[in-house]
Amino acid sequence: MSKSRIIAAYIFVFFSFILLFTRYAYLQLFNHNVFLQQSIDNYSSIVPSQPIRGTIVDRNSVILADNQAAYALAVLPKDVKRFQNIFSKISKYANITELDKKKYKVQLQKAKNYDWIVIKDDLSNVEIANLTAHNYEFPELLVFAHIKRIYPFDELYSHSIGYVGRVSLQDKNKLIKSGRVRDYTANDYIGKSGLEQYYEKTLRGQLGRKTIQTDATGNEVRLLNNTAAVDGYTLKLTVDNALQKLAWNLLGERKGAVVAINPQTGGILAFVSKPGFDPNWFIDGISLDDWSDLSQNPGNPLLNRAAQGTYPPGSTFKPFLALASLYLGFRTPNYTMNDPGYFVIPGSSRHYRDSYPYGLGMINMKTALIKSSDAYFYKLGLDMGVDRIHKGLSIFGLGSKTGIDLPIENTGLLPSREWKAKRFANDEYQKNWLPADSVSVGIGQGFNNYTPLQMAHAVSIIANGGINIKPHFLDQVIDENGKVIESYTVSSTKLPIKAADINFIREAMHQVILQGTARGISSGLKYDMAGKTGTAQVVGLSANSRQAKFSGSQFKDHSWFIAFAPMEKPTIAAAIIVENGGWGAGAAAPIARSLFDFYLLGPENPAQTDGQYKKFTPTASVKVDTDDDDSGDDDSGGSDDSSDAQ
């Protein structure tokens with residue numbers, strides 16, 4: 001071997017050692033902490049500890065969303081591989097359904113080694129005893145106590161409080177985008193709808209974590225670190241549970257919605273959408289049978305009629321149109337016209353029927369509101385035109401979301417020239433705003449569509465003298481010691497409407513109760529009440545089809561009523577709709593009278609006198625160790641042409 005080859009070999013070996021030494025030094029000196037953490041991770045695991053979700057209570061501290069102890073059977077993913085035929089082994093001691101198996105498989109796909117997978121929840125006492133007595137047969141399984149959400153009033157608050165459910169893949173993706181995915185475990189609960197979803201961060205609390213040392217087989221050796229979970233806060237609402245329950249009962253078996261608001265604060269007093277559903281069904285996954293019952297129910301109980309259902313307002317629209325015309329200087333209270341019992345667009349032979357077939361003769365705006373003259377408002381709608389209508393009505397929030405503290409709310413529809421051009425873009429005739437469109441809108445028909453929440457909010461603005469306050473459920477946020485850490489801040493705006501004009505409309509609505517279309521509910525009133533009836537067409541009418549709309553309940557008109565009381569300083573305003581209820585004075589108005597009597601004249605604090613309600617206390621948190629169309633009194637209005645009813 002030549003000398004040069006020996007030198008080359010030495011040089012190669014030398015530089016190889018230099019390279020290895022440099023790499024070793026880099027790993028030891030510069031990446032020491034990284035590899036140390038990886039080493040720690042190899043022999044330790046982080047086990048999350050769940051916070052207790054905050055309760056939700058009404059204005060009188062009646063608990064509306066609670067927590068209770070439940071027992072579950074679970075297994076760790078790391079043990080699943082060593083535990084085959086899991087369901088067949090335990091079916092002797094617990095009733096394992098197909099739904100349980102389905103939930104288990106879903107959890108297994110997304111769980112980490114130390115995320116407990118629930119095999120069966122809500123174990124009975126017998127199942128707990130059997131599983132505990134035979135735990136030697138399957139040591140990998142654990143029967144443990146945990147905190148679970150419960151809704152004591154079942155469907156009463158299904159569309160306001162909502163419900164929680166297991167974190168889904170969609171929920172996880174949202175949490176990743178928001179940077180909060182580490183705050184939840186794979187099988188955790190999260191708000192899915194209503195206030196549970198809107199105030200998720202407040203109710204949730206903070207996840208605790210403990211670090212445990214494990215041996216080579218993954219078994220726990222000792223506790224290395226423990227960060228306790230922080231429980232969620234309690235939400236105190238403005239809702240009056242007794243009033244809510246009464247509103248629900250007053251609707252009976254009928255479909256509809258009731259929204260009651262305190263005009264002075266914007267606080268929701270009652271928020272009912274009927275039919276509803278039991279939110280307890282959704283907490284751990286609803287069964288196929290229950291889901292089929294809900295989704296195929298013709299009453300559509302999953303629809304939040306109060307905030308998402310939209311309806312033509314009928315004659316409840318008239319006070320707002322009248323006030324808008326005064327606000328824009330387009331009409332004066334003394335403007336009079338002849339009501340012959342119908343209306344004809346100048347230059348047309350088309351007749352629009354009135355609810356008074358023989359007319360009311362010469363009437364002014366006040367009489368038109370009290371008697372609910374359609375002819376008067378047909379003409380007002382036509383004269384104002386769509387542009388003025390849209391400008392004047394939008395200040396009441398119609399056609400816009402109210403901003404209430406719910407995750408989903410419908411905007412409704414306050415029609416405009418631009419909206420129709422877009423909606424009927426492919427129809428050269430219909431895309432233009434027509435005089436007939438303004439006529440129908442004038443009586444709250446046509447393209448008008450609003451939610452009961454929007455109507456309640458709008459009438460509360462009139463009740464409050466033109467002051468607009470955003471409706472809300474939240475009153476206070478309270479910690480586990482009963483300390484108020486946050487109170488809802490009421491913000492308001494004053495509408496640019498003359499006080500005299502608002503007072504004129506308020507008084508006209510007062511007379512509706514005393515001598516107008518709602519006089520039927522005035523007997524024995526002990527307070528001054530103002531309101532407006534409304535009967536909204538569901539199907540259009542032609543000259544020979546007046547009986548057709550009564551051939552089935554689905555064709556009957558919707559019954560509307562909006563009201564506030566007392567007149568001097570209103571503390572309650574409400575919008576009520578009874579689907580297919582017929583005349584506004586016959587179905588919806590009596591509900592308002594009963595609600596107002598109860599709220600204004602009933603016990604000062606009715607919820608506290610009813611022993612069936614569980615009251616919230618700071619130390620009560622659950623913890624575990626581990627009317628007819630031709631009568632002259634109705635206000636349904638309508639056209640002889642069915643195309644006018646939308």
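The values are calculated or read from the model by the stated rules, or taken from the named source; none is laboratory data. In this text the structure is predicted, and so the values were computed from the model without any measurement. So basically every Cβ, Gly included, is an ideal-geometry build from the backbone, and we count neighbours across all protein chains shown. Side chains included, ligands, DNA and RNA excluded: accessible areas come from the protein's heavy atoms. Shrake-Rupley method; radii C 1.70, N 1.55, O 1.52, S 1.80 Å.
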Per DSSP, the loop-located GluC sites (Glu not before Pro) within segment 122-217 having at most 15 other beta carbons within 10 Å are GLU140
Long-range share for segment 247-361, i.e. C-alpha pairs more than 19 Å apart as a percent of all pairs, stands at 70 percent
For segment 305-317, in residue order, the Karplus 3J(HN,Hα) values (coefficients 6.51, -1.76, 1.60; θ = phi - 60°; whole Hz; Gly and Pro = x) are 4, 5, 10, 10, x, 10, 9, x, x, x, 6, 5, 6
Carbon and sulfur atoms account, in whole percent of the 1.4 Å probe accessible area of segment 348-492, for 48 percent
Those chymotrypsin sites (Phe, Trp or Tyr not before Pro) from segment 390-429 that are DSSP loop and have at most 12 other Cβ neighbours within 10 Å turn out to be TYR429
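Between the DSSP loop rule and a limit of at most 11 other Cβ atoms within 10 Å, which trypsin sites (Lys or Arg not before Pro) in segment 299-395 are left?
Of the trypsin sites (Lys or Arg not before Pro), not one in the loops of segment 299-395 has a Cβ with at most 11 other Cβ atoms within 10 Å.
Kindly flag which residue pairs out of LYS366/LYS470; LYS201/LYS255; LYS102/LYS148; LYS148/LYS201 have an alpha-carbon separation exceeding 24 Å in this structure.
Beyond 24 Å between Cα atoms: LYS366/LYS470; LYS201/LYS255.
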Sorted by chain and then number, the residues having a modelled amide H within less than 5 Å of the amide H of GLY256, at least 5 places away or on another chain, are LYS274, GLU579
P(r) over all Cα-Cα pairs of segment 332-473, 5 Å bins from 0 to the longest distance, whole percent per bin, short to long, reads 2, 9, 16, 18, 18, 16, 11, 7, 3, 1, 0
Once phi for every residue in segment 241-253 is put through the Karplus expression 6.51 cos²θ - 1.76 cosθ + 1.60 (θ = phi - 60°), the whole-Hz ³J(HN,Hα) values, with Gly and Pro written as x, are 4, 5, 5, 4, 5, 5, 4, 4, 5, 5, 5, x, 8
